[in-house]
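Following: one structure in structure tokens, then a few remarks.
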Amino acid sequence: MPERSIPALRAAIAAHAPELLDDFEANWRAKIGDTYDIGAAPAFLARWWGEYALARDPDLDRHVRDLEERATQSADPDKATAFLEEAAQIHNRVSRLGPGE
């Protein structure tokens, strides 16, 4: 993981997960760039930190997306909840990764 800053994360996305770059830039403009709301920067960084962390591991990313999809398809609320809880645990784990991990 890069240094925990928006410029470093943007550079890492551009270099290692360019498929995320357009969405990153659009989200930046909508949340911060066009609004000048720098108070939104911590939430923006947290969201994209996790997105990049998953994108670095395509197998894990597919697994999380599969869990989320299975939750939406499940007619059993308990199973849907279990799928979403597992996906949330993974999101939480990757969001805590530090620079260099």
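The values are calculated or read from the model by the stated rules, or taken from the named source; none is laboratory data. The structure displayed is predicted, hence computed values, not measured ones. Positions of Cβ are generated from backbone atoms using ideal geometry, with glycine treated the same way; all protein chains shown enter the neighbour counts.
Among the residues of segment 46-101, those that are small (G, A, S) and in contact with a helix residue (DSSP H, G or I) (Cβ under 6 Å, 6 or more places away or on another chain) comprise G50, A53, A55, A71, S74, A80, A87, S95. Going by what's in this entry, would I32 be described as more than 15 Å from the chain's Cα centre (by Cα), under 12 Å from I6 (Cα atoms) and surrounded by 14 or more Cβ atoms within 10 Å (Cβ to Cβ)? Yes; evaluated as a whole, the condition is true for this residue.
Return the pair list, or none, for Cβ contacts closer than 7 Å from residues in segment 73-98 that are under 25 Å from R47 (Cα atoms) to residues that are exposed (fewer than 15 other Cβ atoms within 10 Å of the Cβ), at least 6 apart or on different chains. Short answer, once both residue conditions are applied: S95/A46.
Counting only residues that are in a helix (DSSP H, G or I), of a type in the set (G, A, S) and within 23 Å of R56 (Cα to Cα), how many does segment 71-101 have?
Quick first cut of segment 71-101, residues in a helix (DSSP H, G or I) only: 71-73, 77-95.
This time we only want the ones that are of a type in the set (G, A, S), so: 71, 80, 82, 87-88, 95.
This time we only want the ones that are within 23 Å of R56 (Cα to Cα), so: 87-88, 95.
Of the residues in that region, 3 qualify.
All conditions but one from (1) modelled with pLDDT under 95; (2) in a helix (DSSP H, G or I) apply to G50; the one that does not is (1).
What are the residues in segment 1-37 that are assigned to a helix (DSSP H, G or I) and of a type in the set (D, E), if any? Within segment 1-37, E19, D22, D23, E25 meet the criteria. Checked against (1) surrounded by fewer than 13 Cβ atoms within 10 Å (Cβ to Cβ); (2) among the hydrophobic types (A, V, I, L, M, F, W, C); (3) part of a helix (DSSP H, G or I), A40 meets all criteria but (1). Is it the case that some residue within segment 54-65 is out of contact with any strand residue (DSSP E or B) (no Cβ under 9 Å at 6 or more places or on another chain), over 21 Å from E101 (Cβ atoms), surrounded by 11 or more Cβ atoms within 10 Å (Cβ to Cβ) and not basic (K, R)? No, the conditions are met nowhere in segment 54-65.
Checked against the criterion of being within 16 Å of the chain's Cα centre (by Cα), among the aliphatic types (A, V, I, L, M) and over 19 Å from G98 (Cβ atoms), the candidates A75, A26 yield just one match: A26.
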